2 protein chains.
Amino acid sequence: MMGVLKGMRVVEGSAFVAIPLAGMTLAQMGADVIRFDRLEGGLDYTRWPVTQDGRSLFWAGLNKGKRSIAIDMKNPRGRELITEIICAPGEDAGLFLTNLRVRGWMDYETLSTHRPDLVMVSLLGDRHGRPAVDYTVNPSVGFPDATGPEGSTDPVAHVLPAWDCIAGNMAVSGLLAAERHRLRTGAGQSVELTLKDVAAAMLGNLGIIGEVAVNGVDRPKGGNALYGAYGQDFVCADGERVMVIGLTERQWRGLLKVTGMADRMAALELELGESLSDEGARWRHRARITQVLAPWFASRAPAEFAEAFEAAGITWSTFRSFARAVREDPDLSPENPLFSELDQPGIGRYAVPGSPFSFSAEGREPPVPAPALGQHTEEILADVVRLPEGEIGRLFDEGIVKGA
Amino acid sequence: MMGVLKGMRVVEGSAFVAIPLAGMTLAQMGADVIRFDRLEGGLDYTRWPVTQDGRSLFWAGLNKGKRSIAIDMKNPRGRELITEIICAPGEDAGLFLTNLRVRGWMDYETLSTHRPDLVMVSLLGDRHGRPAVDYTVNPSVGFPDATGPEGSTDPVAHVLPAWDCIAGNMAVSGLLAAERHRLRTGAGQSVELTLKDVAAAMLGNLGIIGEVAVNGVDRPKGGNALYGAYGQDFVCADGERVMVIGLTERQWRGLLKVTGMADRMAALELELGESLSDEGARWRHRARITQVLAPWFASRAPAEFAEAFEAAGITWSTFRSFARAVREDPDLSPENPLFSELDQPGIGRYAVPGSPFSFSAEGREPPVPAPALGQHTEEILADVVRLPEGEIGRLFDEGIVKGA
């Protein structure tokens, strides 16, 4: 594979979303990413969604373009081999990403005795060493309590594993930043990140901690409304639901113009004695604004206004299920250069995304399927660990490593 | 500021979440990040949450540790100055992050005539050039339709701007990857990313597109359940709600052991004729499993089992509001080295997060407040553009630039 990171080699010991995503992101930028797993596959090897035959669409989705080696990690020789893969020489190697519980032989202290300039990025649960997953971090920082219909008291958890996706992309940044630092100073290092801290930091970054500490308020549920300005979902004449945005002054004016509601809104402003040009005023009076706009949407189907909305540059979208989105949206198909239809062995042929980045110097690379477990065991032992053929054969015979 | 990226200079022209987050992430790793804004502040300068005085806690949260320059961008000399700041010489400079609608003078083609090795990372709405925000991208790819109580038909949008947070962190990776490539080849480039493509790619990466295309199914709402294995929220005796995880075999066994439900679950397995050691079986039979476990939680308060859960290494958490989380959780306070209490001028003193990264080679840097708008105008014109003092004075006098 070409790509801006061509020449870099990263070793990944992982499971689930964040670190597999980090490794794949690097692979899709051109790095040689080696994922090692125990002989029977990692904890995520059969993670749902799965096909009718039990093959994991999830695993296939998060390991595209990597090389796979399967090793018995309980065997001392297996552990030695992993150490040699992680610490193999090369100016652009010695980069290790993990979210496994690393202890003893696989911790930074031990590994760096084999390669002092090792860069190791570890994603942990929380700072106390406790396990955590997206599903537990999210309730603990408060998002489900602020999600869902106004007035409801039941918490609603997000379905997208957002904290994992954020943490995984941060792991990429942390690795690239530490590698840059190594190039200038010669020094490797351990980079640690916890899923809980990623969420805690965003809570502060978005002003939510300040809102509690300075304003002394708790944010109530606001339904599907855009927080802090105007943005609302509407049910249309045909039952379709749309999301319409009036976040900026320009979006707000555009929305009034295309719906012909400028006069009605001016009357509302007179009644309120307040200008709705102020985003905070739009937020506070959102229920009144929605009252004015709702009948307009209720009497039209999106097909009747879509063209006018596009022409006016309105920021809006329809709500639809995953299946409808995949069926209807060319942006989720090979019409979008992000996607290629490709054959994932054991699963089938379907639209698969490459990297969302478009690097002008290298162009877009089409996606590469995920490996079969152990598909590259032999070649990695030869080209990275540089073992002679006979020894590789013995490792297979003794069951210390496995092929696909 | 110290940090692994010390010496790097990044210029940011941005508003809202993603690119401000990207710039701040780089600043918190030690880069000199210069955010330029129009004289009255960018589109996000008064974004909610705000204090009673209308100061944006959001802006303060997403611009920590940057330098700020305020320039009249409608003035040709103002545009020239921004060009000079973006394209200023220096091996570790010439790095530009933006989500502004760049056209003409601020597009890559024009800017790179001033500095051919410029690296410019642009975040756009969608590949058709249409505007998009987190609130529109999310419904369009299907997540709100799959979120919320089982059986309900109303879509529920997430409150965390997850796509923005993901895209912002990707912008960091894209910039670092392109800068690495420049160091090796001498070539700059334009790196483009769209918010819609970031979401589209994750839909594929998580196996959801495959689920539709290969299995032909649409994912229904599953409430707060962990998808594909076992994980459920329970209401406890005191009305508290907890999330409990049985994703891995180890978590599942631990949960049964600490609740004393192993025998009951074995009876259920006999009845079902299926082993619940299989994560897919746990998912399919989650309602039955929950039926067995619910009375246990309903008859206890979390205080009664928290210690036993911790001792057993159970993966779990409580649900709580933002305010309760901030009040009760030491991880969201300066007890956690991630946070420092600091004074944000104009707003007040509260716990502010630094970088969630812990880089062993550089140690943790405490967070630095956000600048006042234009706080560094004078020094940036002197140390980056290298204008003589007299000319800087004239720019202030003519109202082309502004200080804090």
Scan of region A:229-243 for residues that are farther than 20 Å from residue B:146 by Cα and crowded, with 21+ Cβ neighbours inside 10 Å, ordered by number: A:229, A:230, A:231
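For residue B:198, indicate whether it is surrounded by 24 or more Cβ atoms within 10 Å (Cβ to Cβ), β-branched (Val, Ile, Thr) and within 30 Å of residue A:220 (Cβ to Cβ).
Numbers: surrounded by 24 or more Cβ atoms within 10 Å (Cβ to Cβ): yes; β-branched (Val, Ile, Thr): yes; within 30 Å of residue A:220 (Cβ to Cβ): yes.
Yes: the conditions hold for residue B:198.
Quick one: which of B:197, B:218 is acidic (Asp, Glu), assigned by TED's automatic domain parsing to the domain that holds residue B:95 and closer than 28 Å to residue A:348 by Cβ?
It is B:197.
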Count of residues meeting criterion [free of Cβ contacts under 8 Å to residues at least 60 places away in the same chain and surrounded by fewer than 22 Cβ atoms within 10 Å (Cβ to Cβ)] in region B:167-182: 1
Pairs with Cβ under 6 Å, 6+ apart, first in region B:183-207 and more than 7 Å from every other protein chain (Cβ to nearest Cβ), second assigned to a helix (DSSP H, G or I): B:188/B:182; B:195/B:137; B:195/B:163; B:195/B:167; B:199/B:137; B:199/B:141; B:199/B:163
Index of the failed condition, residue A:51 passing every other in (1) within 14 Å of chain B (Cβ to nearest Cβ); (2) touching a residue at least 24 places away in the same chain (Cβ under 8 Å); (3) out of contact with any Leu (no Cβ under 7 Å at 6 or more places or on another chain): (3)
Where residue B:164 falls short, out of the listed (1) at the interface with chain A (Cβ under 7 Å from one of its Cβ atoms); (2) surrounded by 24 or more Cβ atoms within 10 Å (Cβ to Cβ); (3) of a type outside the set (Lys, Arg): (1)
Residue check for residue B:90: modelled with pLDDT of 95 or more, within 14 Å of chain A (Cβ to nearest Cβ) and surrounded by fewer than 21 Cβ atoms within 10 Å (Cβ to Cβ): no
Subset of region A:109-131 that is at the interface with chain B (Cβ under 7 Å from one of its Cβ atoms) and modelled with pLDDT of 95 or more - its residue that is nearest to residue B:223 (Cα to Cα): A:126
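Look through region A:320-356, keep the residues that are among the hydrophobic types (A, V, I, L, M, F, W, C) and more than 21 Å from the chain's Cα centre (by Cα), and return whichever of them is farthest from residue A:368 (Cα to Cα).
Filtering region A:320-356 down to residues among the hydrophobic types (A, V, I, L, M, F, W, C) leaves A:322-323, A:325-326, A:332, A:338-339, A:342, A:347, A:351-352.
In the following step, the residues that additionally are more than 21 Å from the chain's Cα centre (by Cα) were identified as A:342, A:347.
Values: A:342: 8, A:347: 14 Å.
Checking each candidate, the answer is A:347.
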Residues of region B:250-279 classified as in contact with a Ser or Thr (Cβ under 8 Å, 6 or more places away or on another chain) and surrounded by fewer than 17 Cβ atoms within 10 Å (Cβ to Cβ), total: 1
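Of A:151, A:104, A:210, A:129, which residue is over 30 Å from residue B:193 (Cα atoms), touching a helix residue (DSSP H, G or I) at 6+ places or on another chain (Cβ under 8 Å) and surrounded by fewer than 24 Cβ atoms within 10 Å (Cβ to Cβ)?
Numbers: A:151 fails: touching a helix residue (DSSP H, G or I) at 6+ places or on another chain (Cβ under 8 Å); A:210 fails: surrounded by fewer than 24 Cβ atoms within 10 Å (Cβ to Cβ); A:129 fails: touching a helix residue (DSSP H, G or I) at 6+ places or on another chain (Cβ under 8 Å).
Unique residue meeting the criteria: A:104.
Is region B:42-56 home to any residue that is within 21 Å of the chain's Cα centre (by Cα), of a type in the set (Asp, Glu) and surrounded by fewer than 24 Cβ atoms within 10 Å (Cβ to Cβ)?
Here is the first cut: in region B:42-56, the ones within 21 Å of the chain's Cα centre (by Cα) are B:42-50, B:56.
Then keep just the ones that are of a type in the set (Asp, Glu); that gives B:44.
Now restrict to residues that are surrounded by fewer than 24 Cβ atoms within 10 Å (Cβ to Cβ): B:44.
Yes, region B:42-56 contains a residue that is within 21 Å of the chain's Cα centre (by Cα), of a type in the set (Asp, Glu) and surrounded by fewer than 24 Cβ atoms within 10 Å (Cβ to Cβ).
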Selection count where residues are of a type in the set (A, V, I, L, M, F, W, C), in a loop (DSSP other than H, G, I, E, B) and facing chain A (nearest Cβ under 9 Å), scope region B:219-270: 4
Region A:287-319 - residue that is under 18 Å from residue B:133 (Cβ atoms) and among the aromatic types (Phe, Trp, Tyr) and, of those, nearest to the chain's Cα centre (by Cα): A:319
Whichever residue in region A:314-341 is without any contact (Cβ under 8 Å) to a residue 60 or more places away in the chain and in contact with a Pro (Cβ under 6 Å, 6 or more places away or on another chain) and, among such residues, is nearest to the other protein chains (Cβ to nearest Cβ): A:338
Subset tally (residues that are surrounded by 20 or more Cβ atoms within 10 Å (Cβ to Cβ) and more than 24 Å from residue B:215 (Cβ to Cβ)) for region A:340-361: 5
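Go through region B:357-380 and count every residue that is among the acidic types (Asp, Glu) and under 18 Å from residue B:41 (Cβ atoms).
1
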Residues satisfying the stated conditions in region B:291-313, i.e. of a type in the set (D, E, K, R) and within 14 Å of chain A (Cβ to nearest Cβ): B:307, B:310
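Residues are listed down the side, and each one gets a yes or a no for (1) modelled with pLDDT of 95 or more; (2) in contact with a strand residue (DSSP E or B) (Cβ under 9 Å, 6 or more places away or on another chain); (3) within 18 Å of residue B:402 (Cα to Cα); (4) assigned by TED's automatic domain parsing to the domain that holds residue B:380:
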| site | (1), (2), (3), (4) |
| --- | --- |
| B:4 | yes, yes, no, no |
| B:16 | yes, no, no, yes |
| B:33 | yes, yes, no, yes |
| B:37 | yes, yes, yes, yes |
| B:40 | yes, yes, yes, yes |
| B:49 | yes, yes, no, yes |
Residue within region A:88-96 that is under 28 Å from the mean Cα position of the chain (by Cα) and either free of Cβ contacts under 8 Å to residues at least 60 places away in the same chain or under 17 Å from residue A:15 (Cβ atoms) (or both) present: yes
Test: residue in region A:271-286 that is within 14 Å of chain B (Cβ to nearest Cβ), under 31 Å from the mean Cα position of the chain (by Cα), of a type outside the set (Lys, Arg) and under 23 Å from residue B:145 (Cα atoms): no
Members of region B:349-397 found to be at pLDDT below 95 and more than 9 Å from chain A (Cβ to nearest Cβ), listed by number: B:363, B:364, B:365, B:366
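The values are calculated or read from the model by the stated rules, or taken from the named source; none is laboratory data. Bear in mind that the values here come from a model prediction, so they are computed numbers and not experimental data. So basically every Cβ, Gly included, is an ideal-geometry build from the backbone, and we count neighbours across all protein chains shown.
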